[in-house]
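To start, the structure under review is shown below, and the notes come after it.
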Amino acid sequence: MAQPGVTTAELNSVAEEMIAQVGGTALFKGVENPPAKFPFPAALCTSVNEELVHGIPGDRALEEGDIISIDCGVRLAGYCGDAATTIPIGRLSPQTERLLEVTSGALDLAIETIRPKLMWSEVARKIQAYVEGEGFSVVRDFVGHGIGREMHEDPKIPNYWGSRQTRSDFKLATNMVMAIEPMVNAGSHEVEYGDKNGWVVVTRDAKRCAHFEHTVAVVESGADVLTDGR
C-alpha cells in the first residue's frame with residue numbers, strides 16, 4: 001500500500017482491520033509515554049524521512065522519494081510480537097538506498113551472530129562497527145527490548161556498545177525472546193522530540209534515518225525470527 005498519494009492514516013486503518021480480524025490487540029494504541037500529552041492513538045507508528053520513531057498516522061500523503069518506517073506491535077493468544085520495516089516510496093537517492101541496505105543489514109548481522117551463551121555486547125559491537133564502517137551512525141537514545149507476555153520486558157537490547165553498558169551486558173540463553181531493532185541515521189546519532197505533543201522523534205540534524213526490527217527467539221542453532229511472515 002505504501003505508494004505516492006497514500007496517506008499514513010490509510011495505512012493504519014488497514015492495519016487495525018487486519019489485527020482485529022485475527023482477534024489480536026494493537027500494542028501501541030493507548031500507550032502513555034511521558035512527555036507525550038496524550039496516549040498513542042494508532043496501531044502503527046508511521047515515521048517519514050527524518051522521523052525516527054513514533055510517527056502518528058494522519059493526513060500526510062506519501063510522496064515520490066520518501067521513506068517510511070512502519071512499526072507495528074500485536075498481542076495474540078497472550079503473547080506479543082513487534083516488528084518494523086523502512087519502505088522506499090518510488091526512486092531514492094543512492095545514499096538513501098544505502099541507508100536502508102545498511103540498516104536492514106545490521107539487523108541481519110545481529111540475527112546471524114546470535115547463539116546461546118554469547119554475550120550481547122559481542123553482537124552490539126558488530127552492529128556498531130558495521131554501521132559506522134559504512135559512514136552512518138547508530139542511535140543511542142532508543143534500543144530494543146525483551147518481549148513476551150508484555151511488549152517491553154528486560155533486558156534492554158542496545159545496537160552499540162561502550163563503557164557505560166558494561167554492567168548491563170547479558171548472556172544469550174536458549175528460549176530468550178528479544179525485539180532487535182537497529183535504528184540508523186545518515187548523519188549524527190543525536191535525536192530529539194520533533195513535535196509539541198511529545199511523540200514524534202526526529203534526527204537532530206534533520207537528515208534521514210531508517211529502522212528495521214524483528215522479534216527473535218534464541219534457539220540451540222542460533223536464532224529463530226518469529227516475525228518473518230511465516
Residue that is surrounded by the fewest Cβ atoms within 10 Å (Cβ to Cβ), among those in the stretch 129-159 that are part of a strand (DSSP E or B) and free of Cβ contacts under 8 Å to residues at least 12 places away in the same chain: D154
Residue that is charged (D, E, K, R) and under 19 Å from G55 (Cα atoms), where the choices are D108, D71: D71
When residues of the stretch 9-68 are limited to those that are basic (K, R) and farther than 30 Å from P94 by Cα, the one surrounded by the most Cβ atoms within 10 Å (Cβ to Cβ): K29
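To keep it simple, each residue is scored yes or no on (1) in contact with a strand residue (DSSP E or B) (Cβ under 6 Å, 6 or more places away or on another chain); (2) buried (at least 17 other Cβ atoms within 10 Å of the Cβ); (3) part of a helix (DSSP H, G or I); (4) among the hydrophobic types (A, V, I, L, M, F, W, C).
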| residue | (1), (2), (3), (4) |
| --- | --- |
| I127 | no, yes, yes, yes |
| W161 | no, yes, no, yes |
| A179 | yes, yes, no, yes |
| H189 | yes, yes, no, no |
| D228 | no, no, no, no |
Within the set of pairs 6+ apart or on separate chains, which have a first residue in the stretch 18-36 that is touching a residue at least 60 places away in the same chain (Cβ under 8 Å) and over 19 Å from G229 (Cβ atoms), a second that is polar (S, T, N, Q) and surrounded by 11 or more Cβ atoms within 10 Å (Cβ to Cβ), and C-beta atoms under 7 Å apart? A36/N197
Looking at the stretch 163-176 only, could you name the residues that are surrounded by fewer than 16 Cβ atoms within 10 Å (Cβ to Cβ) and modelled with pLDDT of 95 or more? D169, F170, K171, A173, T174, N175
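Results for (1) at pLDDT 95 or above; (2) assigned to a loop (DSSP other than H, G, I, E, B); (3) of a type in the set (A, V, I, L, M, F, W, C), shown as yes or no for each residue.
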site: E192; (1), (2), (3): yes, no, no
site: N197; (1), (2), (3): no, yes, no
site: K207; (1), (2), (3): yes, yes, no
site: A210; (1), (2), (3): yes, no, yes
site: A217; (1), (2), (3): yes, no, yes
Return the pairs, sorted by first residue and then second, in which the second residue is at pLDDT below 95, the first residue lies in the stretch 192-210 and is among the aromatic types (F, W, Y), the beta carbons are less than 6 Å apart, and the residues are 6+ apart or on different chains. W199/A36
What is the number of the single condition among (1) in a loop (DSSP other than H, G, I, E, B); (2) more than 14 Å from the chain's Cα centre (by Cα) that G55 does not meet? (2)
Any chance you could count how many residues in the stretch 29-59 are out of contact with any Pro (no Cβ under 9 Å at 6 or more places or on another chain) and not charged (D, E, K, R)? 14
Within the stretch 58-86, how many residues are assigned to a strand (DSSP E or B), within 21 Å of A20 (Cβ to Cβ) and hydrophobic (A, V, I, L, M, F, W, C)? 7
Can you find even one residue in the stretch 87-102 that is in a helix (DSSP H, G or I), surrounded by fewer than 17 Cβ atoms within 10 Å (Cβ to Cβ) and among the small types (G, A, S)? no
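The values are calculated or read from the model by the stated rules, or taken from the named source; none is laboratory data. Because the structure is a prediction, the values reported are computed rather than measured. Glycine also receives a Cβ, built like all others from the backbone with ideal geometry; neighbour counts cover every protein chain displayed.
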